[in-house]
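K.L.:
Submitted below is the structure of interest, expressed as structure tokens.
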Amino acid sequence: MAEPVRFFLDEHIAGAVAVGLRHRGIDTLTVQDARRCGFNDSDQLTFATAEERVMVTFDPDFLTLHRSGVQHAGIAWCPAQKYSDGQLIQALVLIHGVLDRDAMRNHVEYL
């Protein structure tokens, strides 16, 4: 059976997004919950990968890491301010519903 996607939310993602995902039963960890505020992007991605979590971020530096060949558990990226918190939750629920951990491995999902 396929393993469901789990998320790791970057520090700039609103806490309401984590609450909304958890309310829907989706395993979600935030940078704040993990006590990783201020860590550099490479370290955050390494942590997310070790935890088998998709990195959810607005930061284009993660796209650069992806293009450089860094292995990861997946990145869900969109520009800041593109979506309301509710719209971002809906997009992430969709990812959770249609993609599994294997499908997200070393994949960027542009939201």
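Every number in this text was worked out from the coordinates using simple rules, so none of it is lab data. Given the structure is predicted, the values throughout are model-derived calculations rather than measurements. Counting neighbours? That spans all protein chains shown, and the Cβs are built from the backbone with ideal geometry, glycine included.
K.L.:
Can you list residues whose amide H is under 5 Å from LEU29's amide H, if they're 5+ apart or on another chain and H is modeled 1.01 Å from N?
P.N.:
Amide H neighbours of LEU29: PHE7, PHE8, LEU9.
K.L.:
Can you compute the helix-only [θ] at 222 nm over the chain? Use -39500 (n - 2.57) per DSSP H run of at least 4 residues, normalise by all residues, nearest 500 deg cm²/dmol.
P.N.:
Details: 5 runs with 44 residues, N = 111.
Taking each H run of at least 4 residues, the total per residue is -11000 deg cm²/dmol.
K.L.:
Still on this structure, I have one more. For the range 7-110, what is the charge dipole size about the Cα centre, in debye to the nearest 20, if Lys and Arg each add +1 at the Cβ and Asp and Glu each add -1 at the Cβ? Each step should come with its number before you reach the end.
P.N.:
On the way: 9 positive and 14 negative charges, 31 e Å.
Using Cβ point charges on Lys, Arg, Asp and Glu, the range 7-110 gives about 160 debye.
K.L.:
Just to be sure I understand the rule: take each whole DSSP H helix in the chain, project its Cα atoms onto its long axis, keep it if the span is 15 Å or more and its mean Kyte-Doolittle hydropathy is at least -1.0. Which ones pass? Write down the numbers at each step before the final one.
P.N.:
Numbers: long enough: 85-98 (20 Å, 1.15).
In the chain, the long hydrophobic H runs are 85-98.
K.L.:
Just subtract the alpha-carbon distance of ASP27 and GLN81 from 0.36 nm times their residue separation and send over the number in nm, one decimal. All intermediate terms of the calculation are to be shown ahead of the outcome.
P.N.:
Details: separation 54, 0.36 × 54 = 19.44 nm, distance 2.37 nm.
Extra length from ASP27 to GLN81 when fully extended: 17.1 nm.
K.L.:
For the chain, what is the per residue volume of the convex hull drawn over the alpha-carbon atoms, in cubic angstrom? Please report the intermediate quantities before stating the final value.
P.N.:
Details: hull volume 10.0 nm³, N = 111.
Spread over its residues, the Cα hull of the chain gives 90 Å³ apiece.
K.L.:
Turning to a different aspect of this structure: Work out from phi, with θ = phi - 60° and the Karplus expression 6.51 cos²θ - 1.76 cosθ + 1.60, the ³J(HN,Hα) of each residue of the range 71-82, listed in order in whole Hz, and give x for Gly and Pro.
P.N.:
The phi angles translate into 6, 7, 8, x, 9, 10, 10, 8, x, 4, 6, 6 Hz.
K.L.:
Let me check against my output: what whole-number percent is the relative contact order of the range 7-110, with C-alpha pairs under 8 Å and at least 6 apart?
P.N.:
On the way: 137 pairs, mean separation 31.1, N = 104.
About 30 percent, as a whole number.
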